[in-house]
Structures are given as structure tokens and as C-alpha cells.
1. Pick from Ala510, Ala422, Ala520, Ala476: which is in contact with a Gly (Cβ under 9 Å, 6 or more places away or on another chain), surrounded by 15 or more Cβ atoms within 10 Å (Cβ to Cβ) and within 25 Å of Ala385 (Cβ to Cβ)?
2. In the set Val24, Val18, Val55, Val39, which member is of a type outside the set (Gly, Ala, Ser) and either open to solvent by 30 Å² or more (accessible area, probe 1.4 Å) or modelled with pLDDT under 75 (or both)?
3. Kindly indicate whether Leu221 is outside the structural domain of Tyr440 (by the TED database) and either part of a helix (DSSP H, G or I) or under 29 Å from Phe427 (Cβ atoms) (or both).
4. Right, Glu522: more than 26 Å from Ala370 (Cα to Cα) and out of contact with any His (no Cβ under 7 Å at 6 or more places or on another chain) or not?
5. Exactly one of these conditions fails for Tyr259: (1) in contact (Cβ under 8 Å) with a residue 60 or more places away in the chain; (2) closer than 30 Å to Thr290 by Cα; (3) among the aromatic types (Phe, Trp, Tyr). Give me its number.
6. Would you mind telling me which numbered condition in (1) under 26 Å from Gly317 (Cα atoms); (2) modelled with pLDDT under 75 Glu472 fails?
7. Return yes when Leu401 is open to solvent by less than 70 Å² (accessible area, probe 1.4 Å), touching a residue at least 60 places away in the same chain (Cβ under 8 Å) and under 18 Å from the mean Cα position of the chain (by Cα) and no when it is not.
8. Sort out for me the helices (runs of 4 or more DSSP H) sitting completely within the stretch 386-473 that have 2 or more residues that are β-branched (Val, Ile, Thr) and farther than 19 Å from Thr246 by Cα.
Amino acid sequence: MGDVYALDLEALSRIAGVPEEDLVAGLQADAEMSVSGHVAVHGHPAAFEGFAVGVDQLVLHSASPTETTSLLPTKVRPPLSAKAKLKMVVRTIGRLQVTAKHVVERRKAAFLANTDPTTIRLGIPATTTPRSAYLIPVADEAKEFVLAVPEPTSLRLDVPLVEPSEATSFIRQISHLPTDITHVSVETVYESGADHIVHVQLVVEKRVPLVGYALLIAALLTISSLGAALDLQEGVDPFVKLFWRTAASIVGFLPFAAYSVAAYGWPRWTKQLLSTFLFSCVAYALFLMTFLWSLNHTSIGHAYIFNNCHSLLIVLGKLVLGHPVLAFEAVGSGLGIVGGVITTLDHSAAPSSAVVPPSWQGDVVALVGAVGGVFYLLTAKKLRAEIDVFLFMTLLFCVTLVLHFPVFYLLDIRTELWSMDADMGLFGWLTPSRLGIELYLVFVCTIIGTMGYISVMKYFDPIVVSVVMLLEPVLATAMGVVVGVDSIPGVLTWIGGMLVIAGTCLVVLAANKKTEAHDATEAIVSSTPSHKAPLYTCTVSRRNTRG
């Protein structure tokens, strides 16, 4: 037998960007064998209870094999060029960086399917931790492995520090949404003729649950009503309105954030996490504030076009960086942008003397805001997996609140710091005439809308949320008509709106189901030769049939 490899489950979780408990549950989906016995943890015996799953092999051949495999053409074709071979390898093994001229042969795991419950003697590395899975060689040539994974109950993950009540259990359900992972598998990758593993690949299959679509729709509808609600706050500078909403949102989120810290503690604030968070806050403020400024320095149509082109920037960024772009993503983003442009060409409403003409300065600032929106969405996706969503939103608004003050100074916006003046006081939102609208902005537009967008990033990539946001002006117009702050749109708005809806549906459809492949080689904790490691006997038995 060959060496036993230990895989750090926490590292696998970080590489895949999914919670550890969801990762283990995905691996358990195909488990047919149970594993019980002892392993060595920091040099001492420790009980091990878990399950075993088969591990497929990806064999890299330096020349095309003569026989046909599941990944090779079923009929004779001319020899592939070096570029074509490289594309085949990259397409097959995802993010693994393979630069040699290889073709790939997939060998399905067969040991567990063809064996009866048995007893296996293992050599387990003595430097592992209880949160490790084990790649165990089961063939004489040490090429086929099975993966032994500890049961989820033995990991004790995500255990609250306080006893949950009915109210806190509801908060926990909001913070911890159902998983979208349907299946997880581990594959070994090595070159033909090699006597050791070259790479370990983690394959994660995902499917968006219904709750993901419900949250996305709810976020879209509530955020779309934001403009109409803000228009009801007459006689107030737009930046003061934004300050009011930010301050009120902090008050609304504080109880939820306090529970999050009391129950699960603070996140581990590494230098990288802190810098990413601060960058996300600046990008978020830039996204919002540049749009408000551009509304006063260019036409409304140009402001919406340039500030909402973040979806197109994400697609272009993927292409420049060499990341894969789905056809529906590219087409959907294009339709959304075209629809937005057509919508802004509708001038059927009554003309106004206060109309701002287009200007290149306003257009550039709006475009800078779109860049901020791109970085906000990308960083929020990453931070959402590291920080509880309620705590993240609270801290985000705290930093954004501070960033308002230099903007007030630079733009010479008149405010009264400790005043409750209903027009310019920074606490004016607490006056009876303003409080009702502000409560709606916090508990509907922000908690359901803004936080909803962050929450659904558990299921969707930023490009999906970005394209869905293109629908906001269309729905905002309809809601403005209902509350009497906007006029009935013309034909162009209807045509543009239909194109935006069509583009959004394409992008959402493309995100419904996906498979991700990650190079998980760095998750290998150690590999100790069997003759130097302690030997322990683990019993493999068939699991009970699940109903």
C-alpha cells in the first residue's frame, strides 16, 4: 500500500468558498460505507467515526492514448494541436494549472462498489487534527484511493455560544440560509507512470434552492421602491437623505449584530480580511455617492446608463483575466445594458426647466461609480462567507456613515451636526414627519433589499446580482407612478424594460445549476510513509439504507 494523505477540511472549505458543514454534507451524499476505528492526532490515538467515499482518478497522458475513454472522442479524429490539448485539460480539471501537453483520462472509483465490508490497516500521519479527512490507498499500485471523512456531528461546527431562544433562532435562520450544494467529490490527479499524486481536485456541484430566488425577488422589489420613498422626503439634500438612511440602518441592525457577536463571537480579523472589508466599504460609498453627484451634473439617462454598467464591466473583467464567461451571462448582460439605454431615450414625460443636460464630467463620475459597484459586489461575495451578514451590514454602514463627513465638506453641503431640523439636521430623520418614511427605508428597503442582495450571494455570483439590479429603474418608475412621484412612461420604456427583463432571466437561468472545480492540493496536511507512521485498524462497513 502507498502513503495516506491527510486533507484539512477547514482548508478545503476556504478553497471552495463554502461552509465546512455544507462541504461535509455534500461529500456524505454518496456515502455507502462507514469507517470506525482510531487515528493518530498530534501523536496520540483518537477515536474516528466517519464515512468513506470513492475517489475518481484523472490521469494525465503526455501522448494521446490509443484506447477510447469517457473524456476522449468516440470516433477517430486528427491529432489535436498543443493548444487544443491544453484547452481540453483546462476544461476538464477546472482551476488546476496544467501547462504540459496532456490529454486526460478519467478512471472511476471502483473499490467500494466491488468490495465487501472489510478491515484495513492504515498508516495515518501523526501531525493531523480532528478536522481532517484521509485519502487512503486501496490498490496495490497505490493509484486508487478512498476518502474517509469524519461525521459532521464529530466536527462541532458553528455551535452557538449562547442558548438560543425563539427570537434568536429566527435570526439564525435568516443568517444561515439552506445550502445550495448538491454533491461534493474529491479527485486525484497524476501523470501517467508517476508514483505519487500530482494534484488533489475538489469538485462542487451546486443548485440554487427556491429560497434563493425568493430572496432575490424580494430584494429587487424593495430596493426598487427606494427611489419613490426618498422622493417623499421633499426639501432635503440627496446626500443628507443618504446619511439619514445610513444612520437609521445602523440603529436597525444593531440588535441583530449584537446577537451575532454574542452567539458566534467576532470573526478572525486577519490583515487581509480587514483590508478587504475596508476596501468594500469605500467601494460601496463610491457606488452610491457618485450616482447622487452625477444626477446633478449630467442627464438622468446618462447617470443611469454609466452607473449601472457594472454588469458589463464584470463580464469584460472576466474576459481580460481569462476567467470563463457563460454565453447566457454575456448575452444577458448585453441585453440588460441595451434595454437600459433604450429606457433612458424615453422623453415622453412633460419637459421641465430643471432638466440637467449631459456632460462628460458627470458621465465619467457615474462610470467611476460603476467601477465602485463592481468591487463592492466582488468583495461582498467574499466577505459574506467570512462575516455574519448582520454584522457585516452594521459595520459597512458605520464606515459609510463616517465617509459622509468629508463629502459634506468637499461639496459644501450645509448640515447641522446635532440638530433634529427636518431639512438639514443630521438627526432630522427622528422628527415625526420623517420617521415613518425612515422606518420603511430601514426595515423594508435596507434589511430586505440591501441585505437581501448580500445574502443571495451565497447562491449567486456577483454578475447575477449586478444584472438583476438593472431592473431597479424599470420597477422604480412603475412604483413612482403608483405613489404619484413619477409620470406614466412611454413606449420606449416598455421596450427597454422588456429587454432588461429578458437579459435578467438569461443570467439567472445560467446560474441555476453549476459545477466548480478547485485545485485543493494545498489542503494536504502531510504525507507520512506507512512504515514510519503509527498503524491503526479501521473497520469499513456498509451504511444503513436511507429512506
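The values are calculated or read from the model by the stated rules, or taken from the named source; none is laboratory data. Not measured: the values here are computed from a predicted model. Note: ideal-geometry Cβ built from the backbone for every residue, glycine included; neighbour counts use all protein chains shown. Accessible surface is based on the protein model in full, side chains and every heavy atom, while ligands, DNA and RNA are left aside. Shrake-Rupley method; radii C 1.70, N 1.55, O 1.52, S 1.80 Å.
1. Only one candidate passes the filter, namely Ala510.
2. Answer to the selection: Val39.
3. Here the answer is yes, as Leu221 does meet what is asked.
4. Here the answer is yes, as Glu522 does meet what is asked.
5. (2)
6. All conditions are met except number (2).
7. When the stated conditions are applied, Leu401 does not pass them.
8. Ranges flagged: 462-469.
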